[in-house]
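A short write-up of the structure that comes next.
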Amino acid sequence: SSAERTERTSTQPMLRFRNYFRTEKCNGLLKIGVSLISRDNARLHLDRELRGGFDAVVARTRREWEGLMKRIEINASENVKRIFYTGIYHALLCPRELTECDGRHYSGVDDRVHNGTGWTCFSLWDTYRAAHPLYTLLVPERVDGMMRALVDMSRRGGCLPLHPNPGYTGQMVGGPAEVVLAEAAVKGFRGFDIHAAWEAVLRNAQMPQPEDLSRRWPG
């Protein structure tokens with residue numbers, strides 16, 4: 001049965017999951033706003049995120065990334081610095097916040113829209129060893145939100161996730177979410193429900209995920 005669990009593939013279908021687009025042509029450029037919830041939010045994203053035109057978006061993005069990169073400095077050759085900061089850039093691409101631009105809603109792992117803020121794209125088997133410890137040092141303001149997201153996924157999906165993106169998936173093995181939650185707790189992060197996190201960890205240790213062996217989750 002343990003070998004069976006290593007062969008789980010693809011994701012649980014999200015029948016209500018939708019993408020909404022709003023497009024706008026301006027001076028030869030095509031602007032696209034995307035939402036996972038509604039056409040109105042797609043328009044809101046188009047208006048807010050692309051305000052000021054393409055050059056303004058590039059400038060805002062550059063300032064944000066430069067602010068993150070300045071949090072850590074190394075003494076090295078320019079070539080080594082380029083490699084190092086490229087790695088930091090890749091490390092900070094995920095997980096990513098899934099909250100819509102209205103700041104109040106997100107598409108959950110249970111295929112429903114929820115109030116509050118959400119996070120997705122946790123490749124936990126790949127990230128629990130080094131990436132998540134890095135987040136606690138480099139972007140600690142993100143950690144509590146990520147932990148709340150993992151606890152919420154356990155409440156709504158029946159178990160802690162392995163690789164939610166944004167729906168639940170049975171891919172990967174082990175318990176990386178448990179390690180990530182434990183590290184945050186040990187390091188003093190308290191912006192999430194510690195008791196609910198422990199209950200989720202305990203549940204995962206005692207029970208297999210829903211439909212653990214019966215669902216093949218074909219793509």
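The values are calculated or read from the model by the stated rules, or taken from the named source; none is laboratory data. What you see is a predicted model, and the numbers here were worked out from it, not measured in a lab. Side chains included, ligands, DNA and RNA excluded: accessible areas come from the protein's heavy atoms. Shrake-Rupley method; radii C 1.70, N 1.55, O 1.52, S 1.80 Å.
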*asked:* When only alpha-carbon atoms are used, what values of Rg and Dmax, in angstrom, describe the range 104-195?
replied: 12.3, 33
*Could you calculate the contour length gain from Lys81 to Glu141, that is, 0.36 nm times the residue separation minus the distance between their Cα atoms, to one decimal place in nm?*
19.1 nm
_Carbon + sulfur, % of accessible area of the range 63-216 - ligands and nucleic acids excluded, 1.4 Å_ = 54 percent
